[in-house]
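The values are calculated or read from the model by the stated rules, or taken from the named source; none is laboratory data. Please read these numbers as outputs of a predicted model, since none were measured by experiment. Neighbour counts run over all protein chains shown; Cβ positions are idealised from the backbone, glycine included. Each accessible area value is taken on the protein alone, full model and side chains, heavy atoms only, with ligands, DNA and RNA left out. Shrake-Rupley method; radii C 1.70, N 1.55, O 1.52, S 1.80 Å.
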Amino acid sequence: MSRHVQGIVATAEGEPVSLETIVIPDPGPNDVVVSIAACGVCHTDLHYREGGINDDFPFLLGHEAAGTVEEIGDRVTHVEVGDYVVLNWRAVCGECRACKRGQPHYCFDTRNAQGTMTLEDGTELSPALGIGAFCEKTLVHEGQCTKVDPDAPATAAGLLGCGVMAGLGAAINTGEVTHGESVAVFGCGGVGDAAIAGAKLAGASTIIAVDIDDTKLEWAKGFGATHTCNSSNDDPVEFIRSVTDGNGADVCIEAIGHPEVYKQAFDARDLAGRVVLVGVPNPEMTIELPFIDVFGKGGSLKSSWYGDCLPERDFPMLIDLYLQGRLDLDGFVTETIGLGDVEEAFHKMERGEVLRSVVVLDDAATDGSAS
């Protein structure tokens, strides 16, 4: 029996989102219906609304979510009804060339639900990142559900579904930050601050936050930055060298996705240092680097996809660290809002007023009472 629920839809490029009635079909053999408790407002959702991902409108937005499994298909073995899960967009297939060579965190054929969610008139919806969680319930593939400790409130746990995981993973997985290293993070929004938190978890001794907004730099201190640089006032390359004995940082993480910022990260690293790009550039951007410096400085230039995470490995571990008080996921939550407030949350994001607005759909989402 299909379900009629409320969800947030982007109907046309650049147009304000609207609250619509969504029809959730019965789950297919490997599909799962999840009752959403909370979902973060991620910049990727804004990209969808603006047509920056593709033009498969209308989109059911939202993807950074946690909730409870409500119904499962007849072949589902990965989760059971009642499980508390964080949704992910890397449901590994186990069969592609990346999976077969032992790199499932690069899976090239991740799974999505077989069924299709629609509007009441039958118009098919494109769920953001195959999830569509600005909705009271959503339909996903079983592999998109990662069980975590229900003591973690959904407002915090759901953030691992995208932006926070991207930043943490950029430092821990892609950048491979180790004890005693120096790390510079360019851009201190949600992803950048998560990279700072990841560098702190990994034992970095010097963590430099770079941004043009003093408020964001203050936020960065709360996540572990030991030094801050407002790059509208000071040359970030020279600043980073000045606090690393003239050498540059071992790891430079670019969390903006802008060619000029990437060049700064490239120039600010030490010999044999690593540059990690986790910020998402737009398709028109190009970059030019001195080829001799690409060779002469050694090290590596890496891109980080979803923090190179493996949800089944990383989500439970990070939730455990959160419950131990070692990872401040609550610090990313600037405000909690209702479904009808998503459009204004986009504007707050554009103005740089929030790290994360989190849509709450279940009163238990804020108190870790999923159990």
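For region 262-273, the condition of being among the basic types (Lys, Arg) and in a helix (DSSP H, G or I) holds for at least one residue. Please determine whether any residue of region 319-330 is farther than 25 Å from Glu142 by Cα, surrounded by fewer than 19 Cβ atoms within 10 Å (Cβ to Cβ), over 16 Å from the mean Cα position of the chain (by Cα) and polar (S, T, N, Q). The answer is yes; a qualifying residue exists. Regarding region 117-124, can at least one residue be identified that is open to solvent by less than 50 Å² (accessible area, probe 1.4 Å), in contact (Cβ under 8 Å) with a residue 60 or more places away in the chain and touching a Gly at 6+ places or on another chain (Cβ under 8 Å)? The answer is yes; a qualifying residue exists.
Within region 305-356, the set of residues being in contact (Cβ under 8 Å) with a residue 40 or more places away in the chain, under 30 Å from Phe108 (Cβ atoms) and of a type in the set (D, E, K, R) comprises Asp308, Glu312, Asp314, Asp320, Arg356. Taken as a whole, the structure leaves Gly307 outside the set of residues that are more than 30 Å from Leu19 (Cα to Cα), more than 21 Å from the chain's Cα centre (by Cα) and among the small types (Gly, Ala, Ser). Listed here are the strands (runs of 3 or more DSSP E) enclosed by region 295-366 that have at least 2 residues being farther than 23 Å from Gly198 by Cα and at pLDDT 95 or above: 335-337, 357-360. Would a scan of region 153-167 turn up a residue that is touching a Phe, Trp or Tyr at 6+ places or on another chain (Cβ under 9 Å), surrounded by fewer than 24 Cβ atoms within 10 Å (Cβ to Cβ) and on the phi < 0 side of the Ramachandran plot? Scanning region 153-167 turns up no residue that is touching a Phe, Trp or Tyr at 6+ places or on another chain (Cβ under 9 Å), surrounded by fewer than 24 Cβ atoms within 10 Å (Cβ to Cβ) and on the phi < 0 side of the Ramachandran plot. Just one residue in the set Val294, Val275, Val359 is without any contact (Cβ under 8 Å) to a residue 60 or more places away in the chain, open to solvent by less than 30 Å² (accessible area, probe 1.4 Å) and not hydroxyl-bearing (Ser, Thr, Tyr); that residue is Val275. When Glu70, Glu15, Glu95, Glu20 are screened for being without any contact (Cβ under 8 Å) to a residue 24 or more places away in the chain, more than 20 Å from Gly169 (Cβ to Cβ) and not β-branched (Val, Ile, Thr), only Glu95 passes. In region 79-116, of all residues being acidic (Asp, Glu) and surrounded by fewer than 19 Cβ atoms within 10 Å (Cβ to Cβ), the one that is farthest from Val23 (Cα to Cα) corresponds to Glu95. Across region 104-140, the number of residues qualifying as in a loop (DSSP other than H, G, I, E, B) and of a type outside the set (Gly, Ala, Ser) comes to 16.
Taking the criterion of being small (Gly, Ala, Ser) and either within 13 Å of Cys39 (Cβ to Cβ) or in contact with an Asp or Glu (Cβ under 9 Å, 6 or more places away or on another chain) (or both), the residues of region 153-174 that qualify are Ala154, Ala156, Ala157, Gly158, Gly161, Gly163, Gly167, Gly169, Ala170. Say we look at region 331-340 and pick out the residues that are more than 15 Å from the chain's Cα centre (by Cα) and of a type in the set (A, V, I, L, M); which of these is farthest from Gly62 (Cα to Cα)? Going through the qualifying residues, I end up with Ile337.
Scanning region 47-71 for residues that are open to solvent by less than 10 Å² (accessible area, probe 1.4 Å) and not in a strand (DSSP E or B) returns Leu61, Gly62, His63.
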